[in-house]
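Shown next, in structure tokens, is the structure this report addresses.
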Amino acid sequence: MGYFKRLRALSSERNTLLCVGLDPDPGRIEGGASGALRHCLEVVRQTEEFACCFKPNSAFWEQYGPDGWSALMELRDGAPNTPFLFDAKRGDMDNTMRAYATAVFRTLGMDAATVNPYLGADSLHEFTQYGDRGVYVLCRTSNPGARDLQHLESNGEPFYIHVARLAERLNGGGNVGLVVGATAPAEIAELRRVTALPFLVPGVGAQGGDVEASVRAAWNGDPASCLVSASRSVLFAESPAREAAALRSQINVAAGARA
């Protein structure tokens with residue numbers, strides 16, 4: 001079963017649009033890579049029923065060196081019933097991207113990944129050719145500096161609209177989505193008018209994104225259309241289960257189609 005088909009099925013089964021980020025911080029978790037693994041496995045145990053996806057960010061595991069990679073692979077094996085989205089934002093020449101795709105999808109066994117569109121279609125094709133894996137293309141990100149480049153106009157349209165159109169052209173296998181940050185609900189709404197591609201919506205919780213406005217803008221009835229990602233607010237909560245359950249409810253109310 002391909003990533004997006006699996007995501008849709010789990011979203012419906014668990015009544016959720018929530019993705020939980022698994023980004024350990026050595027300043028908040030003791031014990032190195034093994035401590036990070038223990039902490040994140042407990043978060044997975046507590047939140048899996050409320051989430052339809054887990055999203056480890058590559059950098060937070062790379063910082064532990066080889067032990068971090070081993071821990072990440074063990075973490076991935078600890079939740080075989082939920083897809084893992086590898087937030088690595090890869091973007092390079094086509095032959096390098098081929099190696100990145102092999103590492104992400106074959107070596108690490110991830111179900112989906114984020115990629116950077118700056119190098120164009122030939123670069124992204126190395127990921128999108130894996131038809132059973134999901135590929136989320138950075139489009140309008142959640143950080144303040146997004147406006148530095150992503151809002152520059154070309155032929156009367158901002159760059160992020162051109163990225164959406166590029167992603168549409170690469171979606172022949174139905175496995176491409178876009179990353180659109182919850183801190184920019186107006187841009188989410190604009191993009192939703194342009195494309196029906198699935199959106200990964202990061203930036204809620206610690207980044208202060210607007211859950212209600214973002215979900216209303218992104219949601220189009222497709223269970224994969226609005227995957228809302230929260231990391232620190234769940235990962236370091238006193239009760240990750242309680243935080244995930246509350247966020248799931250908030251997202252569902254905003255979607256207007258779930259209990």
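The values are calculated or read from the model by the stated rules, or taken from the named source; none is laboratory data. All of these numbers come straight from a predicted model, not from anything done at the bench. Using ideal geometry, Cβ is built from the backbone for each residue, glycine included, and neighbour counts are taken over all protein chains shown. Accessible surface areas use protein heavy atoms only, side chains included; no ligands, DNA or RNA. Shrake-Rupley method; radii C 1.70, N 1.55, O 1.52, S 1.80 Å.
Look at the range 79-102: where a residue is over 26 Å from residue 50 (Cβ atoms) and a partner is open to solvent by less than 60 Å² (accessible area, probe 1.4 Å) and in a loop (DSSP other than H, G, I, E, B), sitting 6+ places away or on another chain with Cβ atoms under 6 Å, you get 91/116. Just to be sure before I move on: is residue 107 hydroxyl-bearing (Ser, Thr, Tyr) and crowded, with 21+ Cβ neighbours inside 10 Å in the structure I sent? Considered against the rule, which asks whether it is hydroxyl-bearing (Ser, Thr, Tyr) and crowded, with 21+ Cβ neighbours inside 10 Å, residue 107 comes out as no.
Out of 27, 35, one residue alone is of a type in the set (Gly, Ala, Ser) and either in contact with a helix residue (DSSP H, G or I) (Cβ under 7 Å, 6 or more places away or on another chain) or assigned to a loop (DSSP other than H, G, I, E, B) (or both). It is 27.
Test residue 86 against the criterion of being among the aromatic types (Phe, Trp, Tyr), surrounded by 24 or more Cβ atoms within 10 Å (Cβ to Cβ) and within 18 Å of the chain's Cα centre (by Cα), and give yes or no. Write out each step before concluding.
Values: among the aromatic types (Phe, Trp, Tyr): yes; surrounded by 24 or more Cβ atoms within 10 Å (Cβ to Cβ): yes; within 18 Å of the chain's Cα centre (by Cα): yes.
Against the criterion (among the aromatic types (Phe, Trp, Tyr), surrounded by 24 or more Cβ atoms within 10 Å (Cβ to Cβ) and within 18 Å of the chain's Cα centre (by Cα)), residue 86 qualifies.
Does residue 98 meet the test of being over 28 Å from residue 47 (Cβ atoms), surrounded by fewer than 18 Cβ atoms within 10 Å (Cβ to Cβ) and of a type in the set (Lys, Arg)? Spell out how you get there, then give the answer.
Working: over 28 Å from residue 47 (Cβ atoms): yes; surrounded by fewer than 18 Cβ atoms within 10 Å (Cβ to Cβ): yes; of a type in the set (Lys, Arg): yes.
It is true that residue 98 is over 28 Å from residue 47 (Cβ atoms), surrounded by fewer than 18 Cβ atoms within 10 Å (Cβ to Cβ) and of a type in the set (Lys, Arg).
Only one entry of 209, 221, 203 meets the criterion of being touching a residue at least 24 places away in the same chain (Cβ under 8 Å), assigned to a loop (DSSP other than H, G, I, E, B), at negative phi and small (Gly, Ala, Ser), and that entry is 209.
Of the residues making up the range 10-24, those that are touching a residue at least 40 places away in the same chain (Cβ under 8 Å) and open to solvent by 10 Å² or more (accessible area, probe 1.4 Å) are 10, 12, 15, 23.
Kindly indicate whether any position in the range 174-194 is in a loop (DSSP other than H, G, I, E, B), within 19 Å of residue 255 (Cβ to Cβ) and open to solvent by 10 Å² or more (accessible area, probe 1.4 Å). Scanning the range 174-194, I find at least one residue that is in a loop (DSSP other than H, G, I, E, B), within 19 Å of residue 255 (Cβ to Cβ) and open to solvent by 10 Å² or more (accessible area, probe 1.4 Å), so the answer is yes. Taking the criterion of being in a strand (DSSP E or B) and either closer than 29 Å to residue 111 by Cα or open to solvent by 50 Å² or more (accessible area, probe 1.4 Å) (or both), the residues of the range 149-159 that qualify are 153, 154, 157.
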